[in-house]
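Taken together, the values in this text are just the output of simple stated rules run on the coordinates, not laboratory data. Computed from a predicted structure; not experimentally measured. Every residue, glycine as well, gets a Cβ built from its backbone with ideal geometry; the counts of neighbours run over all protein chains shown.
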Amino acid sequence: MATGTEELAGSGLKIQPFDQFIVKPLFGGDTIAWYTPTNVTLWMAIAVLAITALLVVGTSRRAIVPSRAQSVAELLYGFVHNMVEEVTGHEGAKFFPYVMTVFMFVFLSNLLGLIPMSFTTTAHIAVTATLALLVFFAVTIIGLVRKGPAFLAMFWVSSAPLVLRPLLALIEVTSYFVRPLSHSIRLGGNIMAGHAVIKVFAGFAGVMGVASVVPIAAIAAFYGLELLVAAVQAYVFTILTCVYLRDAVGETHH
């Protein structure tokens with residue numbers, strides 16, 4: 001009896017949607033150490049260069065009549081700044097540069113991953129988990145520095161009946177420490193799923209002959225959806241960062 005893989009190979013259909021996420025050394029070889037330059041390293045560096053080109057080079061002239069690059073940069077700046085002020089308040093606005101950096105990195109990494117033959121860094125849990133942990137530790141340290149032991153009051157629901165408070169405190173603490181996991185998986189999972197679906201449609205398009213117009217149309221439609229997902233996921237990651245930051249700089253209400 002032929003296996004499923006053999007049957008697919010015999011029919012000319014061979015789809016490996018997750019091959020696009022394989023981490024490979026840039027200069028050959030099979031061993032990857034912590035210092036080895038990989039395709040992840042390359043595309044993260046490209047994202048940083050793209051951010052620099054847009055926000056630094058694109059706005060260097062500060063023209064009264066802005067160029068396209070300056071207009072886009074100012075639009076993104078205003079969008080994130082308003083988000084930070086609305087969610088975290090005046091005190092949270094002091095941390096706008098950090099939030100802006102997070103948003104731009106996630107947003108441009110998502111968009112760069114849609115370029116054919118590119119590599120999607122935000123589809124990797126190692127990248128998204130690092131970003132989420134940086135947010136988690138930053139919020140925790142800021143909260144402890146600004147509020148001291150009073151920061152821990154956010155885990156004690158004083159408005160609840162006394163007998164329930166220890167249980168609710170345990171739930172609050174667990175929820176707090178699960179934040180990096182949910183924060184990272186939400187971003188990485190959505191980006192990976194979309195790219196995998198596009199690769200599946202592309203596999204069908206390669207073997208269906210004239211009928212390939214159907215999967216090609218599906219790819220075009222799904223590609224447009226992925227552009228929206230790239231922006232939405234960057235927004236969601238950033239708005240959650242602001243919500244967590246509010247716990248550190250705002251008043252605790254329980």
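So the values come out like this:
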quantity: Rough spin-label spacing in nm, given labels placed 7 Å along Cα→Cβ, for SER118 and ALA202; calculated: 1.3
quantity: In Hz, Karplus ³J(HN,Hα) per residue of region 193-205 (6.51, -1.76, 1.60; θ = phi - 60°; x = Gly, Pro); calculated: 4, x, 5, 5, 5, 4, 5, 5, 4, 5, x, 5, 4
quantity: Cβ-Cβ FRET estimate between LEU26 and HIS81, R0 fixed at 45 Å, reported to 0.05; calculated: 0.80
quantity: Two-site FRET efficiency, GLU91 against ALA193, from Cβ-Cβ distance with R₀ of 30 Å, rounded to 0.05; calculated: 0.25
quantity: Förster radius 30 Å - calculated FRET efficiency between TRP34 and SER159 (Cβ-Cβ, nearest 0.05); calculated: 0.05
quantity: Qualifying trypsin sites (Lys or Arg not before Pro) in region 61-104, DSSP loop, other Cβ atoms within 10 Å at most 12; calculated: ARG61, ARG62
quantity: Expected-Rg normalisation [2.2 N^0.38 Å, Cα atoms] applied to region 21-249; calculated: 1.22
quantity: Residue order, fewest to most surrounding Cβ atoms within 10 angstrom, among MET117, MET154, MET192; calculated: MET117, MET154, MET192
quantity: Karplus 3J(HN,Hα) series, Hz, for region 88-104 with 6.51 cos²θ - 1.76 cosθ + 1.60 (x for Gly, Pro); calculated: 9, x, 4, 5, x, 5, 5, 9, 4, x, 5, 5, 4, 5, 4, 4, 5
quantity: Cβ-based exposure ranking for ILE239, ILE22, in which fewest neighbours within 10 Å come first; calculated: ILE22, ILE239
quantity: Backbone HN-Hα couplings from phi across region 234-243 [Karplus 6.51/-1.76/1.60, Hz, Gly and Pro as x]; calculated: 5, 5, 4, 4, 6, 5, 5, 4, 5, 4
quantity: Length gained when the stretch LEU181-ARG62 is fully extended (0.36 nm per residue, less Cα-Cα span); calculated: 38.8 nm
quantity: Under 5 Å, built H, 5+ apart or other chain: amide partners of THR38; calculated: LEU26
quantity: Qualifying GluC sites (Glu not before Pro) in region 159-254, DSSP loop, other Cβ atoms within 10 Å at most 12; calculated: GLU251
quantity: Packing-based exposure ordering (other Cβ within 10 Å, fewest first) of HIS90, HIS124; calculated: HIS90, HIS124
quantity: Near-label residues of region 171-198 by backbone N, under 16 Å of a point 7 Å along Cα→Cβ of LEU152; calculated: 171-174, 176-177
